[in-house]
Amino acid sequence: ISAAKRLSDAGIKDILILEATNRIGGRIHKVDFAGVSVEMGANWVEGVNGPQMNPIWEMVNKLKLTTYHSDYENLSSNTYKQVGGLYKESVAQEAFDVADVLYETSANISVALSAQKKEDISILTSQRLQNHVPSTPIEMAIDYYNYDYEFAEPPRVTSLQNTEPLPTFTNFGEDLFFVADPRGYESIVYYVANQFLKVNKAGKIIDPRVKFNKVVVEIRHSRSGVIVKTEDGSVYRAGYVMVSASIGVLQTNLINFQPDLPQWKILAMYQFDMSVYTKIFLKFPYKFWPSGNGTEFFIYAHEKRGYYTIWQQMEMEFPGANVLMVTVTDDESRRVEQQPDSETKAECMKVLKNMFGKNIPEATDILVPRWWSNRFFKGTYSNWPIGVTRYEYDQIRAPVGRIYFTGEHTSEHYNGYVHGAYLAGIDSANMLINCVQKKMCKFTVNPKGM
C-alpha cells in the first residue's frame with residue numbers, strides 16, 4: 001500500500017493492487033476475542049522517543065490510536081520457576097545482571113567486527129567467546145527474552161553484526177508502545193490507503209484498482225512487459241509488477257515465475273529466514289495473577305528453552321477482560337500450530353498452575369494465530385541469519401527486469417518491523433519511478449565486503 005501510494009504521488013496512477021486475501025494490511029490484523037479487539041500479528045510500535053521520528057509512531061499519534069508503553073523494568077520481580085512459584089528477586093536480578101553484561105559485550109564484539117571488516121558470527125558464537133552460554137532454566141528464559149522475543153529465532157541462527165546494534169532502536173529510540181485500540185493497528189494501513197484510493201463513508205475501499213481474493217500464481221516477464229495470472233484464471237497485463245509477498249511465500253512455489261528468476265536472486269531469497277512469532281490469547285472468568293504497576297510482563301523459566309516463556313497480563317489494555325497473552329516462537333510456534341487448540345490450552349493451564357498454584361480457574365477461551373500454516377504468509381516476519389551479508393541482502397531487494405520487490409524483508413535497515421514494511425514500500429516505488437520516468441533502471445549491488 002505504501003508503494004502504491006508513492007507511485008500515485010509521483011503521477012503513476014495506472015496501478016492495480018492484487019490482494020490474495022479479503023482485506024488489506026497483511027500481517028497487521030485485528031480480530032475480536034472475548035469481547036476485545038486483539039492483534040493477531042504486529043502489535044507494537046518499536047523504536048520511539050529517539051533522535052529520529054518513527055513514521056509509524058507519527059501516524060499512530062495522528063490517528064490518536066490508544067497505545068501503552070511496554071515497561072519491562074521489573075521482570076526480576078516477576079520470574080517464575082518451572083514449578084514452585086517465583087524466584088527470589090535477588091536471585092533473578094543476579095541472572096538478569098549477568099545476561100545484561102553478556103548482551104552488552106556481544107554488542108561490542110559486533111561493533112568491533114564491523115569496524116575491522118571481519119566475517120559475521122552468530123549471537124551464540126559471541127556468547128561462546130565470553131565463555132557463557134545460557135544453560136539453566138532462568139538463564140535460557142532471560143536469553144529467550146533478550147533475543148527470541150525480538151527476532152523470533154534463537155541466537156544460534158541469528159546474525160550478530162546485522163542485529164546488534166539495531167538501527168530501529170539507535171535511530172528511532174529504545175521505547176516500545178503496545179497498540180490496543182478497537183480500531184486496530186491496521187488503521188495505519190487504511191490511513192495510507194485512504195490518501196490515494198476511493199473509499200465509501202464507512203471507510204471501506206471501493207476503488208476498482210484494488211482487487212481482493214486475487215491469488216497470484218504466475219508472473220510471466222519479458223523485455224516488453226509482464227503478464228500476471230491469478231488462481232481464479234484472471235489474466236492481467238502491465239508494464240511492470242511489484243511483488244510484495246513475504247520472503248516466506250517467495251521461498252515456496254505459490255508464485256511461478258516464467259522464465260525462472262535468475263540463480264543469484266533465488267539463492268539470495270532462499271538464504272534469508274522467515275521467522276514465526278505467535279501470540280496466544282487466553283480468557284479467564286476472573287484474574288488470579290498480580291496486577292498493578294510493574295506486573296504487566298512475567299517470565300516462566302522451563303528446562304525446555306522457549307516453552308511458554310513470556311507472559312503479559314492485559315489489565316491495563318483491556319481492564320476487566322481477564323485476558324492473558326503468552327508468546328511462543330520458531331519451532332514451538334510450528335508445533336503449536338499443528339496441534340489442536342485444546343492441547344495448547346491444556347499446556348498453558350499446566351504452566352499457569354506451576355506458576356500460580358492448582359486452584360486457578362480454567363481458561364474459557366483461547367486464540368492461536370497460525371501465520372506459518374497460512375500459504376499467503378508462511379510466518380510473521382523476516383530474520384537476518386548468520387551467513388547472509390549486505391551483498392546478498394541487496395540482491396533480495398534488487399529488481400529483475402520488470403519485476404520489483406517490496407516488503408519488510410527488503411527494508412534497507414529495518415527488516416522485520418512495521419516501519420520497515422512502510423519505508424520499503426516507498427524505497428521500492430522510488431526505484432520503479434526512477435526507471436519509468438527517468439529511465440534510470442540500473443540497480444547497483446555493491447560488491448561483497450563494501
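The values are calculated or read from the model by the stated rules, or taken from the named source; none is laboratory data. None of the values given here were measured: they were computed from a predicted structure. Here Cβ is always computed from backbone atoms with ideal geometry, including for glycine, and neighbour counts include all displayed protein chains.
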Taking region 256-292 and keeping residues small (G, A, S) and either assigned to a loop (DSSP other than H, G, I, E, B) or over 21 Å from Q339 (Cβ atoms) (or both) leaves A268, S291, G292
For region 134-159 the number of residues that are hydrophobic (A, V, I, L, M, F, W, C) and either touching a Leu at 6+ places or on another chain (Cβ under 7 Å) or assigned by TED's automatic domain parsing to the domain that holds Y417 (or both) is 0
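Being part of a loop (DSSP other than H, G, I, E, B) and touching a residue at least 60 places away in the same chain (Cβ under 8 Å) is the filter; apply it to region 104-135 and report the residue that is farthest from V388 (Cα to Cα). Don't jump to the end; show me each part of the working.
If we filter region 104-135 for residues that are part of a loop (DSSP other than H, G, I, E, B), which is where we start, we get 116-121, 130-135.
Next, only the ones that are touching a residue at least 60 places away in the same chain (Cβ under 8 Å) stay: 117, 120-121.
On the way: K117: 14, D120: 9, I121: 10 Å.
Step by step, filter region 104-135, then rank; the result is K117.
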Flagged in region 294-339 as under 19 Å from the mean Cα position of the chain (by Cα), among the aromatic types (F, W, Y) and part of a loop (DSSP other than H, G, I, E, B), in numbering order, are Y308
Exception for G416 within (1) crowded, with 17+ Cβ neighbours inside 10 Å; (2) on the phi < 0 side of the Ramachandran plot; (3) in a loop (DSSP other than H, G, I, E, B) falls at (2)
>> I'd like to know if region 365-373 contains one or more residues that are more than 30 Å from W57 (Cβ to Cβ), of a type outside the set (V, I, T) and assigned to a strand (DSSP E or B).
In response: yes
| said: Taking the conditions exactly as written (over 25 Å from the mean Cα position of the chain (by Cα), of a type in the set (A, V, I, L, M, F, W, C) and within 25 Å of G47 (Cα to Cα)), does I109 satisfy them or not? | reply: yes
Please indicate, with yes or no, whether at least one residue in region 230-242 is among the β-branched types (V, I, T) and either out of contact with any strand residue (DSSP E or B) (no Cβ under 9 Å at 6 or more places or on another chain) or in a loop (DSSP other than H, G, I, E, B) (or both). no
Across (1) farther than 19 Å from L16 by Cβ; (2) crowded, with 17+ Cβ neighbours inside 10 Å; (3) among the polar types (S, T, N, Q), Q263 clears everything bar (2)
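Each row is one residue, and each column tells you yes or no for (1) in a strand (DSSP E or B); (2) over 30 Å from Y307 (Cα atoms); (3) touching a strand residue (DSSP E or B) at 6+ places or on another chain (Cβ under 8 Å).
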position: E343; (1), (2), (3): no, no, no
position: M349; (1), (2), (3): no, no, no
position: M355; (1), (2), (3): no, no, yes
position: I360; (1), (2), (3): no, no, no
position: K378; (1), (2), (3): no, no, yes
position: Y404; (1), (2), (3): yes, yes, yes
position: A429; (1), (2), (3): no, yes, yes
Problem set entry | Test: L367 is touching a Leu at 6+ places or on another chain (Cβ under 6 Å), surrounded by 18 or more Cβ atoms within 10 Å (Cβ to Cβ) and either more than 30 Å from D120 (Cβ to Cβ) or assigned by TED's automatic domain parsing to the domain that holds A421 (or both) | no
Checklist entry - Do we have any residue at all in region 219-229 that's under 28 Å from the mean Cα position of the chain (by Cα), of a type outside the set (A, V, I, L, M, F, W, C) and in the same structural domain as G407 (by TED's automatic domain parsing)? => result no
